[in-house]
Amino acid sequence: MDLMELFTGPRKGAVADPRVARLRMYLNNLAVFFLVCAMWITLSLVTSTFATTGNITNVLRQSSLWSIIAIGQTVVLITAGIDLSIGSVVGLSSCIVALMLNKGYPISVSCVFTCLCGLGVGAVHAFGITKGKLPPFIMTLAGLTTWFGVGLLITGAMPIGNLPADFKNFSRGDVLGIPNLFLCVIGVMIPTYIILNHTRLGNHLYSIGSNRPGAELNAVPVTRTIFFAYMYSSLLASIVGILVAARLSLGIASNGFTWELQAVASSVIGGTSLFGAVGGVFGPVLGATVLSTINNGANLLNVQPYWQRILTGVIIVAVVFFDQLKKRGK
């Protein structure tokens, strides 16, 4: 392992050491973790309500929703792709599950069917990318508008309420003080970590992101792997749609509006590279916690909402800029 590569990136013309890339990602995660700690300590000192149990629980619940979609986004980014449809899939899924519950279907059946719809959405994206040869940006951008329109169509642009109490109570409950929504994050992190780090499929995801032509020459099932990435991302978005409907007691197409930006921001803050082949499960969760803390802290400090968006945009640009420098070996 070249220690100089750890701090300066690979030399021009040199092949990056995957062990160094992974170590750099873990160091980035550690830095973001300390950033979260610093933000929480600072907000606890400057506000009287941040450190309360209710507020911390609220931060964890919000970050949990963003964490799950960010993990899905990370899987796609590892392949050097991107999924801009996540927010619309969240909204569409909240509409589907709400409509089914209103028609009297059991909660389990409604949730399973909604997840199957999410898998179908991901398959459509992957088909357009692999068979239609469309760039991921264009295909999922089209999905962003299309699935939002479908959500409006099936609901008549009206919110769907009157959801069962058991369904709504789950998102507000906890186990030993840990919010159920955060337990869902753990439930997503464990299988994703295993897939990325201990399976052949995970190796294929990183191989495609690192060098797709080389992966094809080495008999990596590129099409099948890309199908998995986009279907997994949409599946997680559909799960978040279910959780959002439960948390807000409402199914509406605008649920999850612009959350694709939160997913990308959480991923890149957590060390995922937009150029592929770098990413994990801990970074997106930490990145989502950073954004949720910024959002919560700004509200407590009475900072106008648009400053939150400006700050998020600045963070994304800064992280991608430094990631690009590392990629160039500067």
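Each reported figure results from applying straightforward, stated rules to the coordinates on display, with no laboratory input. Predicted model, so just to flag it, every value in this text is computed and none were measured. Don't worry about glycine lacking a Cβ; one is built from the backbone with ideal geometry, like all the others, and counts go over all protein chains shown.
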Quiz item: How long is the gain from Tyr105 to Asp174 if the chain were fully straight, where each residue apart is worth 0.36 nm and the alpha carbon distance is subtracted?
Solution: 22.3 nm
Self-check item: Leu134 long-range amide H proximity, modeled H, under 5 Å
Solution: Ile129
Exercise. Please list the non-local residues whose amide H lies under 5 Å from the amide H of Asp174, H modeled 1.01 Å from N, same-chain partners needing a gap of 5 or more.
Key: Asn180
Quiz item: What value, in deg cm²/dmol to 500, does the helix sum -39500 (n - 2.57) over DSSP H runs of n ≥ 4 give at 222 nm once divided by the residues of the chain?
Solution: -25500 deg cm²/dmol
Practice problem: Post the alpha-carbon centroid distance, the stretch 105-138 to the stretch 193-213, in whole angstrom. | Solution: 21
Quiz prompt | For the stretch 269-281, Karplus couplings with θ = phi - 60° (6.51, -1.76, 1.60), whole Hz, Gly/Pro x | solution = 4, x, x, 6, 8, 6, 9, x, 6, 10, x, x, 9
Quiz item: If you wrap a convex hull around the Cα atoms of the stretch 161-216, how much volume per residue is inside, in Å³?
Solution: 135
Self-check item: Model label zone, Val314; criterion: amide N under 19 Å from point 7 Å along Cα-to-beta-carbon; scope the stretch 41-78
Solution: 42-43
Quiz prompt | Positive-end residue of Leu30, Ser273, Ile310, charge dipole of the chain with Cβ unit charges | solution = Ser273
Exercise. Determine the dipole magnitude for the chain: charges of +1 sit on the beta-carbon of Lys and Arg, -1 on that of Asp and Glu, nothing else is charged, the reference point is the Cα centre, and the result goes in debye to the nearest 20.
Key: 500
Quiz prompt | His198, His125, His204 arranged by Cβ crowding within 10 Å, fewest neighbours leading | solution = His198, His204, His125
Quiz item: At q = 0.07, 0.08, 0.09, 0.15 Å⁻¹, what is the log10 ratio I(q)/I(0) for the chain, with the Debye formula run over Cα points and no solvent?
Solution: -0.28, -0.37, -0.47, -1.26
Quiz item: Which of Ser171, Ser93 comes first, and how do the rest follow, when ranked by fewest Cβ neighbours within 10 Å?
Solution: Ser171, Ser93
Quiz item: For the chain, what number of Lys pairs, 8 or more residues apart or on separate chains, have alpha-carbon atoms under 18 Å from each other?
Solution: 4
Exercise. Springs between alpha-carbon atoms under 10 Å, Gaussian network over the chain: tell me which of Asn302, Asn255, Asn162 tops the mean-square fluctuations.
Key: Asn302
Self-check item: Table column - 3J(HN,Hα) (Hz), the stretch 196-208, Karplus curve with 6.51, -1.76, 1.60, x for Gly and Pro
Solution: 6, 10, 9, 9, 5, 4, x, 4, 5, 4, 5, 5, 5
